[in-house]
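The values are calculated or read from the model by the stated rules, or taken from the named source; none is laboratory data. Since we're looking at a predicted model, the values are computed, not measured. Please note: Cβ atoms are built from the backbone with ideal geometry, for glycine as well, and neighbour counts cover all protein chains shown. Keep in mind that these areas ignore ligands, DNA and RNA; they rest on the heavy atoms of the full protein, side chains included. Shrake-Rupley method; radii C 1.70, N 1.55, O 1.52, S 1.80 Å.
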Amino acid sequence: MQEHEVQMHVNGKVVSGKVESRTHLGDFLRQSAGLTGTHLGCEHGVCGACTVIVDGDAVRSCLMLAVQADNCEVTTIEGIAEADGTLHPLQEAFRNNHALQCGFCTAGMITSLHAFLSENPNRSETEIREAISGNICRCTGYQGIVSAAMEAAEKLAKR
Amino acid sequence: MKASAFTYYKPNSLEDALGLLQNEEDAKVLAGGQSLMPMLNMRFVQPETIIDVNGIDELARISVTDKLEIGALTRQKTLAKDPTIRQHLPIMQEALTWVGHFQTQSRGTIGGSLCHLDPAAELPMVALLYDAELQVASASGIRSIPMQEWALAYMMPSISHDELLTKIIIKPWQGSHGYGFQEFARRHGDFAIAAAGCLIKIDNNIIEDIAISIGGVEDVPRRFTECEDVLRAIKYDIDDIKMQVLKPLSKINYLDDSLVTGAYRRRLLRGLLIRAVEQAAGRS
Amino acid sequence: MGVRQIGARVQRVEDEHLIRGDGKYVDDIQLPGMAYAAFLRSSMAHAKIKITDISAAKGLPGVYAVLTYDTLPSSLVSKTQLETYPAPIIKQSVCPDLLASEEVAHVGQAIAMVVASSRHIAEDACELIQVDYTALSVAVDVVEAAKPEGPLAHSHLKDNIAASIETKFGDVEAAFSECDDTLKLKFKQHRGGCHAMECRGVLGDWQQQLGELTLYSSTQCPYLVRRMVSRQLDCPESSIRVIAPDVGGGFGPKAGYYPEEALIAIATKELRRPVKWTEDRREHFTATNQQRDQIWELEVGFKKTGEITAIKGHVTHDSGAFLNYGLLLSATTLMPLPGPYKIKNLHVTLNTVYTNTVSTSPVRGAGRPNAAYAMDRVIDAVARHLSIDPADMRHINLVKNEDFPYQPGSKHRNGSMMTYDSGDYTGMLAMVKEMADYDNFRQEQKQARANGKYLGIGLACFIEDTGMGPYEGVNVRVDVTGNVIASTGAASQGQGHATVIAQVIAEELDIEINKIRVESGDTGKFPHGIGAIGSRTGVNVGLSANDASSQVKKKALKLASILLDKNEDTLELSDGAVRVRSDSNQFITLADLALQLSPAVAGKLPDGFDSAGLEAVSYLSSDYMPHSSGANIAKVEVDIVTGGIKILDYYVVHDCGRILNPMIVDGQIIGGVVHGIGNAMFEQMVYDDAGNPMTTNYGDYLLPLASEMPEIHVAHIETPSPANPMGLKGAGEGGTIPAIGAMINAIEDALTPFDAYIAQYPVTPEYILELVDSEKIAAE
């Protein structure tokens, strides 16, 4: 069994550890880094629950080996709020708009939208719906999530 | 759903990668991983070795002369935004709007799409339209494969286990022409049930040149030359074209499976093909 | 203070930790020394099996145990899963062995369990177990399986019929002889699946010194799991604590008791270390119950005026391989007939049939979406036959306001007469038509057709029996800091019950919501509970929370009256204290009152108080089942070139009585509608002839995505239920129940020029093109 020493910056902190070659990033974050806010919903790259931000890009953490994230900057849901705990506009908007019920898809929704709106917060509803079409939610019917994304986008555009 | 064990290598140069490919018996190349990783997680593939080519920077470049040279490791997200691609290959960016989701485009690569060779993959369809040239390297040298000879069989490209796809060379069409890309999937980002791409050059209402590629309907994406042949040099009349395409459409060996029948794929392709031609003509 | 809580759009108390990523789902829990389980599951749908070698698996470094049927402990009451809901009417009950002994009956049935130091190694070891399969006849098609000579799903049975049930009232034969005309309809309803985004998961932690088992399970029904594991393992309920922590959606299939729950309990006891199993998505497709394949054959009798007078027919219900959830799905299929429509004569029979597919159990709405779908398809078919507009047709047949309380003639599962307590069915129909601009749409549709565009509009009206008892208790306790702890047996999977409970308590005790902590889903925190099923929790916990906090209030006033030496009439409870109305400086806080009732301080309880603590418990429930109802409209456009369907808009008018939190109710409805749209258009669990599931990933099995969903416009009317003091009705499934019917009616309406009849769902683009006249297409 081959193991690798990896080190990455996760939510601004250095995280290092030993990983097996086959360990995907999602498992590493959850099990070795203790960041269980990233959820595994399908482990074949469709549901989007495990989405994290690696070097600025939203990626499926189940479709990337942990060893591939060596030396990368990783942001998970735990790193979305400000360091002092102030919620990010997306998080605020999710609460305001009842954009979550069971909360399992929420991390992937917020990280996806974070990356998407960081690139350009001026987005139409259709663009937002397409952007989160790679994130499955079984509870909400998406409407609250779309409203939340629109509300946050407006705030972010003013920043 | 955890992958079986493998040995992982991450070469930093093409030379190292090719050396590993030559020496490792049962190796898989890991590029963007958007197809390979699910197959690993589901244990559909259980290779002894994974060779991660993401450290080979030279494979991720786009350059342009009279031709576009696209490194195999170029990410889909890069292709979707790159101004050179926008200028010379707008159809590629249009096709990419149908490819997966932005999170998979973050890592997915053009080389990965071409090597995975899903029957419904869009990027091979674009490469087909332009008769792209694919360059593969191995420890014993470089060879070049015309796109029309790339697909050997279902998800089997013309590349051997010790070779690596390095670049895709595309010569854009010159002069006034139009492009169209039509696809139908049940949901945004799904693999196409059928897709059709078209390049068309119309002069004096005569179809001077036409290229059509189809995806999702046969074992491999391919150029629809039978159809191009009947449409080339005829008058551009969409009602006539609707009839002309019937015969070539009947020659396709449609995929027929437990989810979608061949009969449906045929009807669907016909509709999409007409729409692609109309769209291309409208832009020419 | 004094802010109205009930009926307000109060933000959820559940959200804060979830949006920060601080949720705690079963798979998030790590315990020292924890081992991981994986299952070897059957690769064949029906076969005799023989496990020939487990030595390689056992010998793999990191493997702690390999369990098979033969190596299960003999102390078990049974090595076969105990029946969850036995009933005398069940003719042949078949439950799976915890691990298959000699025969497997569906792809995915558990054969062996490996426990190892990591999930990876456990899966490695599963691959090393050798199993010989000898194929047996495979029952896949439920119609074939229902025939006496059909292939057997279990080799020890004589036929595949698990049970036959019926609903019958009025004089059907007489009504048919007196009606003007009849129609026959046949249609298939498809099963679909659960697909909570969190798969199932179980973590067992056996404490040898204490003789106690803690079982974390991603379940809707922790008390059911405790009861069943206790019975299966023959250990007292008091030694088992089941905790459902944050649960990532349930939708029905997590309401059952599964072999894995018993097996993890066994493994942690045997190995004396914590053992966790997290279902992966592929397992979810083959090991978690699915919903409802049914074939319906109906005959309808009606008058020329459109009045439907009689329905008779038969339903063939696919139970899947086992009956591990009793007949609940079958019963809830027949019980809601004839829905909101006043049809006095009805006789429908149903056979529950075993097949070699994944077992079925209720999914959002249980059998109600099927019944609602059947009725709305009947209405549209008769309307078309008589050239009556489908909206008018509904108006003619709906139960009218003056009919309440209305008894359709059907019976509850307990044998009592079904009673529709209240509602305004015709009012809702008029309202949803108005919202959707129904009449104008008909004009628009005409013009669009002339331009080769196919628009459709579809209606559905439904009722839902909700708030099923017997109870879901709530204990309300004020602690010595003045904070309130509410504990309840109700478990949540994201519905927002904690918020609603807190709202009710906050209103009654006039305290801030953030001073209330709600504890649920933990058998160690509250003695009795049932679970979140059948749109029942809001009603039951709403009533109990209200009643318990009202008792607490009384207790507080009584005690304050003694301590302040004032008559109770002169006191009021406001902002965390009992105050003298005429002198706000004279008060005693709830915290102080709680302290007085804490005997450690008081030495003895004050006179007249026979129980400790400023607390009270209530198990209040509705006198009978309140019926929610609604009217829905879907608008679609069908592309006859691709067969693609674009959903243009969706409108809901819903009545769940007095609304506790409109934000939460809307969330339930919108999510439920999208679930129904998934059933109507996307979700398809395909099995090949050999019983192999063909859609076991999210590329092939299509869940609805944001990109295809329309805006869903929701409006409410509130007719308070007379069945309970708060006027509550349930809301958890009212989105899903009518949605399939509204969607299919809309799609069929769009295809009116092709005289299409939709006989199955999901409606695939391929099926659309089959319905569309191919000659007309050729002329396109």
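Which is modelled with pLDDT of 95 or more and within 23 Å of A:ALA49 (Cα to Cα), of B:THR84, B:THR78, B:THR109, B:THR74? Write out each step before concluding.
Details: B:THR84 fails: within 23 Å of A:ALA49 (Cα to Cα); B:THR78 fails: within 23 Å of A:ALA49 (Cα to Cα); B:THR74 fails: within 23 Å of A:ALA49 (Cα to Cα).
Going through B:THR84, B:THR78, B:THR109, B:THR74 in turn, just one is modelled with pLDDT of 95 or more and within 23 Å of A:ALA49 (Cα to Cα): B:THR109.
What is the one condition in (1) touching a residue at least 60 places away in the same chain (Cβ under 8 Å); (2) within 13 Å of another protein chain (Cβ to nearest Cβ); (3) assigned to a loop (DSSP other than H, G, I, E, B); (4) open to solvent by 20 Å² or more (accessible area, probe 1.4 Å) that B:ALA120 does not satisfy?
With (1) touching a residue at least 60 places away in the same chain (Cβ under 8 Å); (2) within 13 Å of another protein chain (Cβ to nearest Cβ); (3) assigned to a loop (DSSP other than H, G, I, E, B); (4) open to solvent by 20 Å² or more (accessible area, probe 1.4 Å) applied to B:ALA120, the lone miss is (4).
Could you grab me the full set of residues in region C:671-707 that are facing chain A (nearest Cβ under 8 Å) and open to solvent by 10 Å² or more (accessible area, probe 1.4 Å)?
Correct list: C:ASN697, C:GLY699, C:SER707.
Looking at (1) within 11 Å of the chain's Cα centre (by Cα); (2) in a loop (DSSP other than H, G, I, E, B), find the lone condition where B:TRP173 falls short.
Only one criterion is unmet by B:TRP173, namely (1).
Quick test of your reading of the structure: A:VAL74 fulfils all but one of (1) assigned by TED's automatic domain parsing to the domain that holds A:GLN143; (2) open to solvent by less than 10 Å² (accessible area, probe 1.4 Å). Name the failing condition by number.
Going through (1) assigned by TED's automatic domain parsing to the domain that holds A:GLN143; (2) open to solvent by less than 10 Å² (accessible area, probe 1.4 Å) one by one, A:VAL74 breaks only (1).
Among the residues of region C:177-191, is there at least one that is free of Cβ contacts under 8 Å to residues at least 60 places away in the same chain and of a type outside the set (Val, Ile, Thr)? Lay out the reasoning, then the answer.
Our first condition is that a residue be free of Cβ contacts under 8 Å to residues at least 60 places away in the same chain; within region C:177-191, this holds for C:177.
Restricting the remaining residues to those that are of a type outside the set (Val, Ile, Thr) gives C:177.
Checked against the condition, which is being free of Cβ contacts under 8 Å to residues at least 60 places away in the same chain and of a type outside the set (Val, Ile, Thr), region C:177-191 yields at least one hit.
Can you report the number of residues in region B:88-107 which are open to solvent by 10 Å² or more (accessible area, probe 1.4 Å) and more than 14 Å from chain A (Cβ to nearest Cβ)?
Qualifying residue count, region B:88-107: 4.
When region B:123-146 is examined, which residues are found to be out of contact with any Asp or Glu (no Cβ under 6 Å at 6 or more places or on another chain), hydrophobic (A, V, I, L, M, F, W, C) and open to solvent by less than 20 Å² (accessible area, probe 1.4 Å)?
Once the filter is applied, which keeps residues that are out of contact with any Asp or Glu (no Cβ under 6 Å at 6 or more places or on another chain), hydrophobic (A, V, I, L, M, F, W, C) and open to solvent by less than 20 Å² (accessible area, probe 1.4 Å), region B:123-146 yields B:LEU123, B:MET125, B:VAL126, B:ALA127, B:LEU128, B:LEU129, B:ALA132, B:LEU134, B:ALA137, B:ILE145.
Pick out the one residue from A:PHE28, A:PHE94 that is among the aromatic types (Phe, Trp, Tyr) and away from chain C (no Cβ under 11 Å). Even if it seems obvious, please write down each step before you answer.
Working: A:PHE94 fails: away from chain C (no Cβ under 11 Å).
Among A:PHE28, A:PHE94, only A:PHE28 is among the aromatic types (Phe, Trp, Tyr) and away from chain C (no Cβ under 11 Å).
Out of C:VAL504, C:VAL432, C:VAL480, report the one residue that is more than 25 Å from the chain's Cα centre (by Cα), crowded, with 24+ Cβ neighbours inside 10 Å and not polar (S, T, N, Q).
Numbers: C:VAL504 fails: more than 25 Å from the chain's Cα centre (by Cα); C:VAL480 fails: crowded, with 24+ Cβ neighbours inside 10 Å.
None of the others qualify; the one that does is C:VAL432.
Would you call C:ARG231 at negative phi, part of a loop (DSSP other than H, G, I, E, B), among the charged types (D, E, K, R) and surrounded by fewer than 24 Cβ atoms within 10 Å (Cβ to Cβ)?
Values: at negative phi: yes; part of a loop (DSSP other than H, G, I, E, B): no; among the charged types (D, E, K, R): yes; surrounded by fewer than 24 Cβ atoms within 10 Å (Cβ to Cβ): yes.
So C:ARG231 fails the test.
Going by the conditions given, is C:SER78 under 22 Å from C:ASN289 (Cβ atoms), hydroxyl-bearing (Ser, Thr, Tyr) and either touching a Ser or Thr at 6+ places or on another chain (Cβ under 9 Å) or in a loop (DSSP other than H, G, I, E, B) (or both)? Break it down stepwise before answering.
Working: under 22 Å from C:ASN289 (Cβ atoms): yes; hydroxyl-bearing (Ser, Thr, Tyr): yes; either touching a Ser or Thr at 6+ places or on another chain (Cβ under 9 Å) or in a loop (DSSP other than H, G, I, E, B) (or both): yes.
When the stated conditions are applied, C:SER78 passes them.
How many of the residues making up region B:242-252 are surrounded by fewer than 21 Cβ atoms within 10 Å (Cβ to Cβ), touching a residue at least 24 places away in the same chain (Cβ under 8 Å) and either of a type in the set (A, V, I, L, M, F, W, C) or not in a loop (DSSP other than H, G, I, E, B) (or both)?
Within region B:242-252, the subset surrounded by fewer than 21 Cβ atoms within 10 Å (Cβ to Cβ) is B:242-244, B:246-252.
From the residues that got through so far, the ones that are touching a residue at least 24 places away in the same chain (Cβ under 8 Å) too are B:242, B:246, B:248-249, B:251-252.
Those still in the list that are either of a type in the set (A, V, I, L, M, F, W, C) or not in a loop (DSSP other than H, G, I, E, B) (or both) too: B:242, B:246, B:248-249, B:252.
Count: 5.
With respect to C:ALA37, is the statement that it is open to solvent by less than 60 Å² (accessible area, probe 1.4 Å), in contact (Cβ under 8 Å) with a residue 24 or more places away in the chain, more than 14 Å from every other protein chain (Cβ to nearest Cβ) and of a type in the set (Gly, Ala, Ser) true? Give the derivation first.
On the way: open to solvent by less than 60 Å² (accessible area, probe 1.4 Å): yes; in contact (Cβ under 8 Å) with a residue 24 or more places away in the chain: yes; more than 14 Å from every other protein chain (Cβ to nearest Cβ): no; of a type in the set (Gly, Ala, Ser): yes.
Spelling it out, it is not the case that C:ALA37 is open to solvent by less than 60 Å² (accessible area, probe 1.4 Å), in contact (Cβ under 8 Å) with a residue 24 or more places away in the chain, more than 14 Å from every other protein chain (Cβ to nearest Cβ) and of a type in the set (Gly, Ala, Ser).
For region B:23-34: of the residues being away from every other protein chain (no Cβ under 13 Å) and out of contact with any strand residue (DSSP E or B) (no Cβ under 7 Å at 6 or more places or on another chain), which is modelled with the highest pLDDT? Reasoning before the result, please.
Step one: of region B:23-34, the residues away from every other protein chain (no Cβ under 13 Å) are B:23-26, B:29.
Those still in the list that are out of contact with any strand residue (DSSP E or B) (no Cβ under 7 Å at 6 or more places or on another chain) too: B:23, B:25.
Details: B:ASN23: 96, B:GLU25: 91.
Only one residue fits best here, namely B:ASN23.
Taking the stated definitions as given, is A:ASN122 away from chain B (no Cβ under 14 Å) and either surrounded by fewer than 20 Cβ atoms within 10 Å (Cβ to Cβ) or touching a residue at least 40 places away in the same chain (Cβ under 8 Å) (or both)?
It is true that A:ASN122 is away from chain B (no Cβ under 14 Å) and either surrounded by fewer than 20 Cβ atoms within 10 Å (Cβ to Cβ) or touching a residue at least 40 places away in the same chain (Cβ under 8 Å) (or both).
Condition first: in a strand (DSSP E or B) and free of Cβ contacts under 8 Å to residues at least 60 places away in the same chain. Can you find one or more residues in region B:253-269 that meet it? Spell out how you get there, then give the answer.
Going through region B:253-269, the residues in a strand (DSSP E or B) turn out to be none.
No.
Of all residues in region C:1-34, which are more than 7 Å from chain A (Cβ to nearest Cβ), among the hydrophobic types (A, V, I, L, M, F, W, C) and not in a loop (DSSP other than H, G, I, E, B)?
Scanning region C:1-34 gives a single hit, C:VAL26.
Which of the following residues is under 30 Å from C:ASP689 (Cβ atoms) and either assigned by TED's automatic domain parsing to the domain that holds B:LEU128 or of a type in the set (A, V, I, L, M) (or both): B:ILE212, B:ILE238, B:ILE252, B:ILE234?
Unique residue meeting the criteria: B:ILE252.
Sort through C:THR309, C:THR278 and tell me the only one that's assigned by TED's automatic domain parsing to the domain that holds C:LEU337, touching a residue at least 60 places away in the same chain (Cβ under 8 Å), of a type outside the set (Lys, Arg) and open to solvent by 10 Å² or more (accessible area, probe 1.4 Å).
Sole residue among the options that is assigned by TED's automatic domain parsing to the domain that holds C:LEU337, touching a residue at least 60 places away in the same chain (Cβ under 8 Å), of a type outside the set (Lys, Arg) and open to solvent by 10 Å² or more (accessible area, probe 1.4 Å): C:THR309.
Can you tell which of B:ILE51, B:ILE110 is under 15 Å from the mean Cα position of the chain (by Cα), more than 9 Å from chain A (Cβ to nearest Cβ) and open to solvent by less than 10 Å² (accessible area, probe 1.4 Å)?
Values: B:ILE51 fails: under 15 Å from the mean Cα position of the chain (by Cα).
That would be B:ILE110, the only listed residue that is under 15 Å from the mean Cα position of the chain (by Cα), more than 9 Å from chain A (Cβ to nearest Cβ) and open to solvent by less than 10 Å² (accessible area, probe 1.4 Å).
Just the residues that are away from every other protein chain (no Cβ under 12 Å) and either in contact with a Leu (Cβ under 8 Å, 6 or more places away or on another chain) or crowded, with 20+ Cβ neighbours inside 10 Å (or both), please, taken from region A:125-159.
A:ALA153, A:LEU156
Looking for whichever is open to solvent by less than 20 Å² (accessible area, probe 1.4 Å), without any contact (Cβ under 8 Å) to a residue 40 or more places away in the chain and more than 7 Å from every other protein chain (Cβ to nearest Cβ) here; the options are A:VAL54, A:VAL59. Which one fits?
Working: A:VAL59 fails: more than 7 Å from every other protein chain (Cβ to nearest Cβ).
Being open to solvent by less than 20 Å² (accessible area, probe 1.4 Å), without any contact (Cβ under 8 Å) to a residue 40 or more places away in the chain and more than 7 Å from every other protein chain (Cβ to nearest Cβ) holds for just one of A:VAL54, A:VAL59, which is A:VAL54.
Residues that are over 20 Å from C:MET113 (Cα atoms), open to solvent by less than 60 Å² (accessible area, probe 1.4 Å) and touching a helix residue (DSSP H, G or I) at 6+ places or on another chain (Cβ under 9 Å): does region C:43-56 have at least one? Steps first, please.
Step one: filter region C:43-56 for residues over 20 Å from C:MET113 (Cα atoms), giving none.
No: zero hits.
Could you tell me whether A:CYS102 is without any contact (Cβ under 8 Å) to a residue 60 or more places away in the chain, under 18 Å from A:SER32 (Cα atoms) and surrounded by 24 or more Cβ atoms within 10 Å (Cβ to Cβ)?
Numbers: without any contact (Cβ under 8 Å) to a residue 60 or more places away in the chain: yes; under 18 Å from A:SER32 (Cα atoms): no; surrounded by 24 or more Cβ atoms within 10 Å (Cβ to Cβ): yes.
The answer is no for A:CYS102.
Do we find a residue being aliphatic (A, V, I, L, M), surrounded by fewer than 22 Cβ atoms within 10 Å (Cβ to Cβ), more than 8 Å from every other protein chain (Cβ to nearest Cβ) and outside any strand (DSSP E or B) anywhere in region C:647-666?
No, region C:647-666 contains no residue that is aliphatic (A, V, I, L, M), surrounded by fewer than 22 Cβ atoms within 10 Å (Cβ to Cβ), more than 8 Å from every other protein chain (Cβ to nearest Cβ) and outside any strand (DSSP E or B).
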